[in-house]
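The values are calculated or read from the model by the stated rules, or taken from the named source; none is laboratory data. Keep in mind it's a predicted model, so treat the numbers as computed, not measured. Note: ideal-geometry Cβ built from the backbone for every residue, glycine included; neighbour counts use all protein chains shown. Surface accessibility is based on the protein's heavy atoms, side chains included, excluding ligands, DNA and RNA. Shrake-Rupley method; radii C 1.70, N 1.55, O 1.52, S 1.80 Å.
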Amino acid sequence: QSRLVESGGGSVQSGGSLRLACAASGFSLDDYAIGWFRQAPGKEREGISCITSSGRSTRYVDSVKGRFTISRDNTRNTVWLQMDGLKPEDTAVYYCASRNQYCGEFVYADEYDLWGQGTQVTVSS
C-alpha cells in the first residue's frame, strides 16, 4: 500500500534541465525526510540530496550543489528534485527514499526505509 513513485526522468543534452518528482501514496510524507539517490551503470548507489520533513533544511553532496535543488510540498505529498546544468556524469537511475524526520547522515542508503522504483536520467554530450 505504501509506495514512493519517481517520475520526470528523460534524455537531455548537456546543460539541460529536468525536474524529478517523488510522490507518496498510501501514507503521508509530512513525517519523513526524503533523500534522492542515483545509480549509474556499474556503480554503487550514491546519495546526493535530502530534505527534512518540514522542508526547513536541505543537504547536497558537492557534485550536485549549486545545480540541483530539492524541495517539497507536503500538501501534495510530493518531493521534487530540480536538476539544472546537467552533465553526462549525471546519467543514472534516480531514486527517492524516505527516512525519519531528519536527514542525518543523508548519503547512506541503509538509513532509509522505503524506496521508489527509480526513473532514468540520461544526459548526452
Using only alpha carbon pairs under 8 Å that are at least six residues apart, calculate the relative contact order of the chain and give it in whole percent. 36 percent
List the residues whose amide H sits under 5 Å from the amide H of G16, counting only those 5 or more places along or on another chain, with H placed 1.01 Å from N in the peptide plane. L86
In the chain, if the dipole is taken from +1 on Lys/Arg beta carbons and -1 on Asp/Glu beta carbons about the Cα centre, which of G35, P88, Q117 is farthest to the positive end? P88
Let me cross-check V107: its accessible surface, 1.4 Å probe, with only protein heavy atoms counted, in Å² to the nearest 10? 50 Å²
In the neighborhood of G55, defined by Cβ-to-Cβ distances under 10 Å, what is the net charge if each Lys or Arg adds +1 and each Asp or Glu adds -1? 0
Tell me, what % of the accessible area of the chain is carbon and sulfur with a 1.4 angstrom probe? 43 percent
Scalar couplings 3J(HN,Hα) for the range 27-41 by Karplus 6.51 cos²θ - 1.76 cosθ + 1.60 (θ = phi - 60°), nearest whole Hz, x for Gly and Pro, are 7, 9, 7, 5, 9, 10, 6, 10, x, 10, 10, 9, 9, 8, x
Solvent-accessible area per residue for the range 1-88 (1.4 angstrom probe, square angstrom): 51 Å²
Lys/Arg +1, Asp/Glu -1 at C-beta; the chain dipole; positive extreme among G47, S57, L18: L18
If you put +1 on each Lys and Arg Cβ and -1 on each Asp and Glu Cβ, how big is the dipole of the chain around its Cα centre, in Debye rounded to 20? 280 debye
